[in-house]
Structure formats: C-alpha cells, structure tokens
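Engineer: Here it is, the structure in full.
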Amino acid sequence: MLTAEDKKLIQQIWGKLGGAEEEIGAEALTRMFCSYPPTKTYFPHFDLSPGSDQIRGHGKKVVAALSTAIKNIDNLSQALSELSNLHAYNLRVDPVNFKFLSQCLQVALATRLGKDYSPEVHSAVDKFMSAVASVLAEKYR
Ligand code: HEM
C-alpha cells in the first residue's frame, strides 16, 4: 500500500525530472532491451538501437502514462484502464515483463537523481510501479 508519505515523495521526485521525461523513458527501455533481451520480441517493428527515434518516442509515451498515473494515484484502475486493455488484450504482454521495466526505470531514475534517489524514494517508486503493474495486469485474470 502506498502511504501518504510515499505519494508525496513520488510527486516530488517526478517534479525534479524537469523536461527529462523522454530521456528517462528511453534509458529505461534501452536498459530493459539490453538486460532482458526477450522483451525485444514485443517490438519487432521497432528500431531497437539505443537512442533510436522509436525508443525515444516510446519512452516519452511510457513516462507520460506514468505521469498521468501519478496525477491519479488514488484511482489508478480508472486512469490506466485503456492501457490495461491494450497490454492485456491487444499486446498480450506477459506480466513478468512489467517488473523488468520497473527495475530498469528505477536504475534510470537513480543514475539521474543521485542522492535524491534516497532509500525512501526508492521504496516509494517501487511500490508505485508495483501498483501500476497490477493494474496493467488485472485484465488477465
Ligand atoms: C505501448 C505504457 C510496460 C510493450 C504502450 C503505450 C504506453 C505504454 C503509454 C502507448 C499506448 C498508445 O500508443 O496508445 C506502459 C507502461 C508500462 C508498460 C506505463 C509499465 C510500467 C510494457 C512492457 C512491455 C510493453 C513491460 C513489453 C515488454 C508495449 C508495446 C506497445 C506498448 C509492444 C506498442 C508499441 C507500439 O507499437 O507503438 N505502453 N507500458 N509495455 N507497450 Fe507498454
């Protein structure tokens, strides 16, 4: 469960990204494709070389979706309902992959934010990404 303090930390840290959303998203995706190569099979139509236009464009979309989720943090199911349909019914992404992306996003955030990515922030982001992942996976049941 996200506590009120967790929510505050997530909002604060997101506020510190200041225009670097596309870069963070692209780095998270690049790390995911590199560390967990089977994730590449979902993107056969993408140019997956690091920093490609498609990776950047997609990174921006993913981070924008997370920003929407943060704005609707008390109502994630509704806020992410369409994305949940897309990932479950259209894309059929195996839910195990959500953990991989979450992990890679955290490394991207940590390398950018340095000391600001404190253990408390780490824990809050981890809980938030788990909550997002369970919403994205809830239609599979
Ligand atoms: C598309 C978000 C995890 C595979 C998308 C889109 C968003 C998004 C916003 C674009 C939707 C649109 O264009 O309307 C997220 C979020 C995730 C997540 C917030 C987890 C935190 C994953 C994972 C995979 C994946 C783990 C597979 C390893 C895809 C694919 C597309 C897509 C294949 C379609 C790409 C395209 O053809 O443009 N996702 N996603 N997603 N996602 Fe995810």
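The values are calculated or read from the model by the stated rules, or taken from the named source; none is laboratory data. The structure presented is a predicted model; accordingly, all values stated were derived computationally and were not measured. In this analysis, Cβ positions are derived from the backbone assuming ideal geometry, glycine residues included, and neighbour counts consider all displayed protein chains. Calculation scope for accessible area: heavy atoms of the full protein, side chains included, ligands and nucleic acids excluded. Shrake-Rupley method; radii C 1.70, N 1.55, O 1.52, S 1.80 Å.
Engineer: Is there a residue in segment 15-36 that is more than 9 Å from the ligand (Cβ to nearest atom), assigned to a loop (DSSP other than H, G, I, E, B) and among the basic types (K, R)?
Structural biologist: So far as segment 15-36 goes, yes, one or more of its residues are more than 9 Å from the ligand (Cβ to nearest atom), assigned to a loop (DSSP other than H, G, I, E, B) and among the basic types (K, R).
Engineer: If you don't mind, there's one more thing I want to ask. State yes or no: is L113 at pLDDT below 95, open to solvent by less than 70 Å² (accessible area, probe 1.4 Å) and more than 17 Å from T39 (Cβ to Cβ)?
Structural biologist: Here the answer is yes, as L113 does meet what is asked.
Engineer: If the requirement is being open to solvent by 20 Å² or more (accessible area, probe 1.4 Å) and away from the ligand (no atom under 13 Å from the Cβ), which of these qualifies: K99, K60, K139?
Structural biologist: K139
Engineer: Okay, moving on. Spot the failing condition for I73; the list is (1) modelled with pLDDT of 95 or more; (2) part of a helix (DSSP H, G or I); (3) open to solvent by less than 60 Å² (accessible area, probe 1.4 Å), and only one is missed.
Structural biologist: Result: I73 passes all but (2).
Engineer: Taking segment 76-98, which residues are more than 12 Å from E138 (Cβ to Cβ) and in contact (Cβ under 8 Å) with a residue 60 or more places away in the chain?
Structural biologist: N97
Engineer: A follow-up question, please. Looking at this structure, is P50 open to solvent by 60 Å² or more (accessible area, probe 1.4 Å), free of Cβ contacts under 8 Å to residues at least 60 places away in the same chain and not in a helix (DSSP H, G or I)?
Structural biologist: Yes; evaluated as a whole, the condition is true for this residue.
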